[in-house]
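The block underneath contains the structure these notes are about, expressed in structure tokens.
Derivation of every value follows stated rules applied to the coordinates shown; laboratory data play no part. Here the structure is a predicted model, which is why all the values come from computation and not from measurement. Note that we place each Cβ from the backbone using ideal geometry, even for glycine, and neighbour counts take in every protein chain shown.
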Amino acid sequence: MRILVTGGAGFIGSHLCDRLIADGHDVVAVDNFITGSAGNIAHLQGNRHFQFVPADISECCDVDGPLDAVMNLASPASPVGYLENPIATMKVGSHGTYNALDLAQRKGARFLMASTSEVYGDPLEHPQKESYWGNVNCTGIRSVYDEAKRFAEALTMAFHRTTGMRTRIIRIFNTYGPRMALHDGRVVPNFVAQAVRNEPITVYGDGTATRAFCYVTDLVDGMVRLLWSDEVMPVNVGSPDEMTVLEFAQAVKAAGQPGCTSEIIFYQPHAERVSDDPQRRRPDITRAGAILGWKPKVSLNDGLKLTIEYFRQAIGQS
Ligand code: NAD
Ligand code: UDP
């Protein structure tokens, strides 16, 4: 198969390229490096099964030759990333997704949309099932990301309903691992970098907000299973092991090097950074289990050790 991955130089996109090539496919990655980096795909340059096309998919998404699938991951993903690039985030969710869908249609390819748990906003239903319509503040600061992804899901369904295209929608919950950008401001790179540097670990607010963290290879496995499945409606993929942000800080400290002297502090970031911050988040992954036979395999401690090792090297080189 020949598969296009938009956002292929990003954190998840680069792991997806690795997995698809390992599965025997040819991969074309497209990226404009707004939040990704050439370093994430440096190891693939020169591989005859890999091609990189620099492009902003909000302007144009096209490649020569046949395609069997288009996997649309292009979008800033961290709150810092999308708050710094609000218009570009809305454009890639709308124009970019349209261009990627249009390309898939012209090539007769399958299409997978990388959506997000943020479509549920600050959820009033817990854990979140795919049937939940969400609680999004459409003029709030996070709306640029949440509404762009909600639009992208709607557009994907519209293409499916009008053209019969084989579309898939994955709702990704918090995912972590090597190649997350050091400065993207998400809780994982922040806490891990702070622990590696023996700096204070900055828990925002009182640390009672919850998340559940899925290791990237598990997430990518769910994504690939969904691509080849027949499921048109959205599927949640993420870890169901919910914990508070304070518990996560303790887990990072425990997984790090012996002698980590970082203290955990309660820190008040700029109000904008935590405006509309979802207070509870945990996926109901019943459908992923039933439809895809998927569940996460990598323990938090093992995943954190691999992530800490990556950040130790990245910090050493920075
Ligand atoms: P990332 O920022 O590392 O990767 C996104 C990639 O898309 C980057 O390489 C970026 O440069 C590229 N990109 C953005 N706009 C583009 C454009 N207009 N044209 C071409 N390339 C563009 O983020 P990530 O964590 O790897 O997220 C990948 C996808 O998964 C995103 O769509 C994100 O919304 C989704 N997602 C991620 C998580 C998570 O926890 N990491 C959770 C939910 C959803
Ligand atoms: N957070 C934190 N300290 C940090 C960064 C984030 O306490 O240094 C909190 C943030 O307020 C949120 C959770 O960690 O409650 C997850 O934030 P992240 O930015 O990783 O992504 P989100 O899940 O909100 O998209």
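General observations
- Taking Cβ atoms as reference points and 15 Å as the exclusive limit, the residues near residue 309 contribute a net charge of +3, counting Lys and Arg as +1 and Asp and Glu as -1.
- Cleavage-rule hits, trypsin sites (Lys or Arg not before Pro), the range 182-230, DSSP coil, Cβ neighbours within 10 Å at most 16: 197
- Gyration tensor verdict on the range 3-120 (Cα atoms; rounded if a/c is under 1.5, prolate if a/b is larger than b/c, oblate otherwise): oblate
- The chain: most fluctuating residue of 208, 307, 89 per GNM, C-alpha cutoff 10 Å: 208
- Angle of helix 245-255 to the longest C-alpha principal axis of the chain, folded into 0 to 90 degrees and rounded to 10: 80°.
- Residues whose amide H comes within less than 5 Å of that of residue 169, counting only those at least five positions distant or on another chain, are 113, 235 (H built at 1.01 Å from N in the peptide plane).
- Here the chain is treated with +1 on each Lys and Arg Cβ and -1 on each Asp and Glu Cβ, and its dipole about the Cα centre works out to around 500 debye.
- Built amide H within the under 5 Å cut-off of residue 204, gap 5+: 267
- Shape call, the range 142-245: gyration tensor on alpha carbons, a/c limit 1.5: prolate
- Low-density loop positions, chymotrypsin sites (Phe, Trp or Tyr not before Pro), the range 1-78 - DSSP coil, at most 15 other Cβ in 10 Å: 33
- Between the C-alpha center of the range 268-318 and that of the range 193-242 there is a gap of 3 Å.
- Pairwise FRET efficiency - residue 228 versus residue 290, Cβ, R0 = 25 Å, nearest 0.05: 0.95
- Cut-off of 10 Å, at most 13 other beta carbons, DSSP loop: longest stretch of the chain lacking such GluC sites (Glu not before Pro): 60-262
- Amide H to amide H distances under 5 Å link residue 264 with 201, where only residues 5 or more positions off or on other chains count and H is placed in the peptide plane.
- Three-way shape label, the range 253-311, alpha-carbon gyration tensor, a/c 1.5: oblate
- Formal net charge of residues neighbouring residue 212 (Cβ-Cβ distance under 9 Å; K, R +1; D, E -1): +1
- Spatial separation of Cα centroids for the range 6-24 and the range 97-136, in angstrom: 19
- Per-residue ellipticity at 222 nm, computed for the chain from helices alone with -39500 (n - 2.57) per DSSP H run of at least four residues, works out to -11500 deg cm²/dmol.
- Across the range 95-104, coupling constants 3J(HN,Hα) worked out from phi with the 6.51/-1.76/1.60 Karplus curve, θ = phi - 60°, read 4, x, 5, 4, 4, 5, 5, 4, 4, 4 Hz, and Gly and Pro carry x.
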